[in-house]
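Participant: Submitted below is the structure of interest, expressed as structure tokens.
The values are calculated or read from the model by the stated rules, or taken from the named source; none is laboratory data. Being a predicted model, the structure only gives us computed values, none of them experimental. Reconstructed Cβ throughout: ideal geometry from the backbone, glycine too, with neighbour counts over all protein chains shown. We work out accessible area using only protein heavy atoms, side chains counted, and drop any ligands, DNA or RNA first. Shrake-Rupley method; radii C 1.70, N 1.55, O 1.52, S 1.80 Å.
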Amino acid sequence: MKNKLIVLFLVVLLTLLSSCIGKNTEISTAEYILTTDIHDGGLAFLGVSGEINGIYNPKLSVEPGQTITITLINGGYGDHNFSIPALNIETKLVSDKGETTSATFTVPDDIHAIEYYDTVDNNAALGMHGLLVTTGTAVGDLSDAMDNPVNQTNGGTASLIQKGGCGACHIIPGVPNAIGTIGPDLSTIGKLIIDRIQSGEYTGDAEDIEAYLREAIVAPDAFLAPECSGAPCMPGLMPKNFGELYTEEELAEVVAFLAGLPESADQLALSGESQLDLGDAPVLTDQEFDWAKQTFFERCAGCHGTLRNGATGPALTPDKTLLMGTTALSSIIFNGTPRGMPDWGLQGFFTQGQTEVMAKFLQNAPPEPPEMSMDQMKDSWQVFIAPKDRPAAPEHDRNWENFFVVTLRDAGQVAIIDGDNYEVVNTVDTGYAVHISRMSATGRYVYTIGRDGKLALIDLWMEVPDKVAEVQLCYDARSVETSKYNGPEGDFTDKYAIVGCYWPPHFVMLDGQTLEPFKIVSTRSYTYNTEEYHPEPRVASILASHFKPEWIVNVKETGQVWLVNYSDPLNPSIKMIEAELFLHDGGWDSTQRYFMVAANQSNAIAVIDAQEEKLAAIVETPALPHPGRGANWIDPEYGPVWSSSHLGDPVISSIGTDPEGHPDQAWTVVRTAELPGGGSLFIKTHPNSQWIWVDMVLNPDEILQRTICVIAKENPDQIHKCWEVSDYGRAVHMEYNMDGTEVWVSVWGFADKPGQTGEIVVYNDATLEEVARIKDLVTPTGKFNVYNTVHDIY
Ligand code: DHE
């Protein structure tokens, strides 16, 4: 109390003195009074009197040529000083509460923004730093800096940060839409740096906060921050051209602002820079626009949506992309992100120029894609061999139930491979960027769906298994399933098929023997939680019930699981179950009563009780679950569990699935096991196996991309072993053979690099030793063993 009174007395005295000074001098002088205080669990300068009164680490406005006096009153909490290292200014130390010190200096002409600190001990790291900013210095005419329209706005610090597109990757308080989670969160960066420099982990050249930030901007790989939203920060993600993009003045302003965080955010808000004028989208030539439109549809719409409303990937509508700007967008497109965005540039799919064209395209409104009618579908429908002309029994003596149907993604084909001897039995043309295959209930027929919505029907009983029919049902599809029910309500074995489309958003029911489409059901409807109309609710995974004539259809954007009863297929009854937004992939639990589906962007697994036809639970999980169909196994402690891999967090998570035997653990994550990295798409096991296998195919690190790991079921908290499957490409998707003794892993190579197009590596599941390599396959990805796919064994 006594000290506070002393401070108050000194403040009054100094205020009086400064007002006297003000009367006798030119307006080119100013004085600021600061004291020291505790703030937000650290220390801070606290403004005293005038416009900075009560503001922590206030921005001190100055003018070039002005004479400034700074007075520091020790308000307690140890020794302090006031210092501006860039101007060689440092007051004497004040050790006792109430003790004052001051520094007077002239503001140089060539500064725009500069930092002040308390350089005693680690007071700066604890929060004692702020900004000295020249008033009236506009940030220059930004309009010709680059063609990002945000640059043409009000020219403040927020505009500068938007010019670099920093907010696309970083959380930056005070800057509109700066909520990116690709790079480190910068909310308190100004407070962290000194500690980091002193910690010994730092690998760059900086010795103070300003130099650290400058280096981080112009030479981002000199030191990688330890954490990027829960994952290790990866080299190469941040563009290296900010040194060219920003002028020296601009760079200094951005650095000064970041150094002053979080307090500088409040000041930005006070300055009225909380809104930016988006301006117009960048202009593309007709040729550029057509290229970007087609390429977006082929490569990007799967995750971001044809109308770009987002799902597996974030929304890319102009209200978001204009704020991100061309630089940030093209960097993300080129380099990918640790959370699963592919590195299209690094992989060689796009040149730097093409990524910029795509970045500009994304700042324009998305073009409206066409619908597809039943007539159009029927026009594309072809039956090559009519059902009556097909074999009545297998025409070969191969063990066709142990065939693997392998997606050759970029070839637009599937390979049918004999699982007993690894011979490629046939390679069949299917759809563009072919995605998955599912089998009919007997296993005799294979249904393969391409991203172009083309469905191919393959008969495995033919002497040389081949395509017997095909049809196109939409422009963009991911899923297909068959009717598997045979029971009191009828025998639907090999009778129907269903295709789920991304665009147009609908599903189509077809004759299972001929692929003649007979029913289209639109999925356009209302989001389950807010009842808002959604123009593009895409059909994600579809699974067939073994106990009812029903398909489980997952409608991604409205968050509904539809139970579609096909017993009266022209008049299907549909039960719509409210689940969670962003439903994607999933599979049955071991009893095949509960359907477990990842709501990936919601970080949750929805559990559907297919027997009672209701939602059983929403299970919160680590970030971005992506299970494929998941993995069922018996946990030594918690009994039956179902595990998911994750695109976001570097873990696998296991959920209890036994409400009868283990009610306390049912529908909760009972275990997580850490992986060396995130970006995992698939996990797999088999009832006969002691292991759970998992990939990390979308990890940005090229070693981890081709590494797989196994976890022992008897010691499930940790990895048993990880290894590289190849010296090129990516290791993706595991599948067991029929009896669960071998595991096949795809090496997803490069279609245009002979010798590295891709292969399948076969492992002995018991010993984890390599058994065979099936070479020279073109970009193999998913593999579907006939027996396991029919019976949903995973
Ligand atoms: Fe897939 C399953 C969607 C990218 C390989 N993928 C699925 C399913 C969906 C889906 C909805 C579930 C189908 C089902 O069970 O009925 N996939 C999508 C996308 O939207 C996404 C993210 C982006 C895109 O543009 O398509 C996408 N998928 C990929 C790939 O890049 C993969 C790795 C290689 C490829 O084929 O292009 C890929 N997806 C697979 C595989 C499955 C799959 C192998 C089936 C896993 C299983 O074991 O059942």
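Participant: Sort 623-629, 367-373 by packing, meaning the average of other beta carbons within 10 Å per residue, with the highest value first.
Facilitator: Taking the mean over residues of other Cβ atoms within 10 Å, the ranking is 623-629, 367-373.
Participant: Could you check how much of the accessible area of the chain is carbon and sulfur, as a whole percent, using a 1.4 Å probe? Don't skip to the answer; put the middle values down first.
Facilitator: Values: 15200 of 30080 Å².
Carbon and sulfur together cover 51 percent of it.
Participant: Then there's this: Roughly speaking, what is the stretch gain from residue 293 to residue 385, that is 0.36 nm per residue apart minus the C-alpha to C-alpha distance, in nm to one decimal?
Facilitator: The span from residue 293 to residue 385 would gain 29.4 nm if fully extended.
Participant: I need the shape label for the stretch 250-369. Rule: rounded when a/c is under 1.5, else prolate if a/b > b/c, else oblate, with a, b, c from the alpha carbon gyration tensor.
Facilitator: Because a/c hits 1.5 or more and a/b exceeds b/c, the stretch 250-369 counts as prolate.
Participant: According to the square roots a ≥ b ≥ c of the eigenvalues of the Cα gyration tensor, what is the shape class of the stretch 178-226, taking rounded for a/c under 1.5, prolate for a/b larger than b/c otherwise, and oblate for the remainder?
Facilitator: Note, shape of the stretch 178-226 comes out prolate.
Participant: I would also like to ask the following. Length gain on complete extension for the stretch residue 395 to residue 722, per 0.36 nm per residue less the alpha carbon to alpha carbon distance? Display every interim value, and only then the final one.
Facilitator: On the way: separation 327, 0.36 × 327 = 117.72 nm, distance 4.17 nm.
Gain on extension, residue 395 to residue 722, equals 113.5 nm.
Participant: Let me ask you something else. For residue 37, which sequence-distant residues (separation of 5 or more, or a different chain) have an amide H within less than 5 Å of its own amide H, given hydrogens modelled in the peptide plane?
Facilitator: 44, 46
Participant: Rounded to the nearest 500, what is the 222 nm mean residue ellipticity of the chain from helices alone, with -39500 (n - 2.57) per DSSP H run of 4+ residues and division by all residues?
Facilitator: Values: 14 runs with 134 residues, N = 794.
Roughly -5000 deg cm²/dmol at 222 nm, from the helical runs in the chain.
Participant: May I ask for the distance between the Cα centers of the stretch 407-422 and the stretch 209-273, given as a whole number of Å?
Facilitator: Here the answer is 48 Å between Cα centres.
Participant: Please list, by residue number, everything in the stretch 626-650 whose backbone N is under 19 Å from a paramagnetic label point 7 Å out along Cα→Cβ of residue 664.
Facilitator: Counting backbone N atoms under 19 Å from the label point, the list is 635-642.
Participant: Using alpha carbon centroids, what distance separates the stretch 537-568 and the stretch 26-97, in Å?
Facilitator: 65 Å
Participant: Applying a 10 Å radius around every beta-carbon, put 198-211, 597-610 in order of their mean neighbour count, most first. Display every interim value, and only then the final one.
Facilitator: Values: 198-211: 15.0, 597-610: 24.1.
Output ranking for 198-211, 597-610: 597-610, 198-211.
Participant: Please give the FRET efficiency for residue 93 paired with residue 203, using the beta carbon to beta carbon distance and R0 = 35 Å, rounded to the nearest 0.05.
Facilitator: Once the sixth-power term is evaluated, E becomes 0.60.
Participant: I've got another one for you. Hey, any idea what Rg/Rh is for the stretch 353-445, computing Rh the Kirkwood way over Cα pairs?
Facilitator: On the way: Rg = 19.7 Å, Rh = 17.3 Å.
Over the Cα atoms of the stretch 353-445, Rg/Rh equals 1.14.
Participant: Which distance in nm do the two modelled labels at residue 674 and residue 772 give, with both placed 7 Å along the Cα-to-Cβ direction?
Facilitator: Roughly 3.9 nm, to one decimal.
Participant: Ordered by packing density, taken as the mean number of other Cβ atoms within 10 Å over each peptide's residues, highest first, how do 412-420, 84-92, 560-568, 444-452 rank? Walk me through the intermediate numbers first.
Facilitator: Working: 412-420: 22.0, 84-92: 15.6, 560-568: 20.0, 444-452: 24.6.
Top to bottom by mean Cβ count within 10 Å: 444-452, 412-420, 560-568, 84-92.
Participant: Could you give each residue of the stretch 670-676 its phi-based ³J(HN,Hα) in whole Hz, using Karplus coefficients 6.51, -1.76, 1.60 with θ = phi - 60°, and x for Gly or Pro?
Facilitator: After applying 6.51 cos²θ - 1.76 cosθ + 1.60, I find 8, 8, 10, 10, 6, 10, x Hz.
Participant: I want the antiparallel fraction of DSSP beta bridges within the chain, as a percent rounded to 5.
Facilitator: 95 percent
Participant: Each label point is 7 Å from the Cα along the Cα-to-Cβ direction; what then is the distance between the points at residue 67 and residue 530, in nm?
Facilitator: 5.9 nm
Participant: Then there is this: What list of ³J(HN,Hα) couplings, whole Hz, do you get for the stretch 597-604 from phi and the Karplus terms 6.51, -1.76, 1.60, once you set θ to phi - 60° and write x for glycine and proline?
Facilitator: 10, 6, 9, 4, 6, 8, 6, 8
Participant: Would you mind pulling out the separation of the Cα centroids of the stretch 455-526 and the stretch 579-632, in Å?
Facilitator: 23 Å
Participant: Can you tell me the relative contact order of the stretch 567-649? Whole percent, Cα pairs under 8 Å, sequence separation 6 or more. Numbers along the way, then the final one.
Facilitator: Details: 176 pairs, mean separation 19.9, N = 83.
Dividing the mean separation by the residue count of the stretch 567-649 yields 24 percent.
Participant: For a quick check of your reading of the filter: which chymotrypsin sites (Phe, Trp or Tyr not before Pro) in the stretch 292-396 sit in a DSSP loop and have no more than 13 other Cβ atoms within 10 Å?
Facilitator: 384
Participant: Taking amide hydrogens as modeled 1.01 Å from N in the peptide plane, which residues meet the under 5 Å criterion relative to residue 479, leaving out close sequence neighbours?
Facilitator: Result for residue 479 returns 500.
Participant: Let me ask something else about it. What base-10 log of the normalised intensity I(q)/I(0) is obtained for the chain from the Debye formula, alpha carbons as equal point scatterers, at q = 0.05 Å⁻¹?
Facilitator: For the chain, the Cα-only Debye profile gives -0.33.
Participant: Quickly work out the residue 418-to-residue 106 label distance, labels modelled 7 Å from Cα along the C-beta direction, and quote it in nm with one decimal.
Facilitator: 9.3 nm
Participant: 5 Å is the cut-off here: which amide hydrogens, built 1.01 Å from N in the peptide plane, fall below it relative to residue 603, excluding neighbours closer than 5 in sequence?
Facilitator: Residues meeting the criterion, in which the H sits 1.01 Å from N, are 624.
Participant: State in Å² the accessible area per residue of the chain; use a 1.4 Å probe, count heavy atoms of protein chains only, and round to the nearest integer.
Facilitator: 38 Å²
Participant: Let me ask something else. Applying 1/(1 + (r/R0)^6) with R0 = 45 Å to the Cβ-Cβ distance of residue 464 and residue 573, what FRET efficiency is obtained, to the nearest 0.05?
Facilitator: 0.65
Participant: Each residue of the stretch 284-291 in turn: what ³J(HN,Hα) in whole Hz from Karplus with 6.51, -1.76, 1.60 and θ = phi - 60°, glycine and Pro shown as x?
Facilitator: Each residue's phi maps through the Karplus curve to give 10, 6, 4, 5, 4, 4, 5, 4 Hz.
Participant: Quick one: net charge of residue 549's neighbours, Cβ under 14 Å, K/R +1, D/E -1?
Facilitator: -3
Participant: Now, a different point. Could you work out how much longer the chain between residue 613 and residue 280 gets when fully extended? Use 0.36 nm per residue separation minus the Cα distance between them, nm to one decimal. If you can, show how the numbers build up before the last one.
Facilitator: Details: separation 333, 0.36 × 333 = 119.88 nm, distance 4.91 nm.
Separation in residues times 0.36 nm, less the Cα-Cα distance, equals 115.0 nm.
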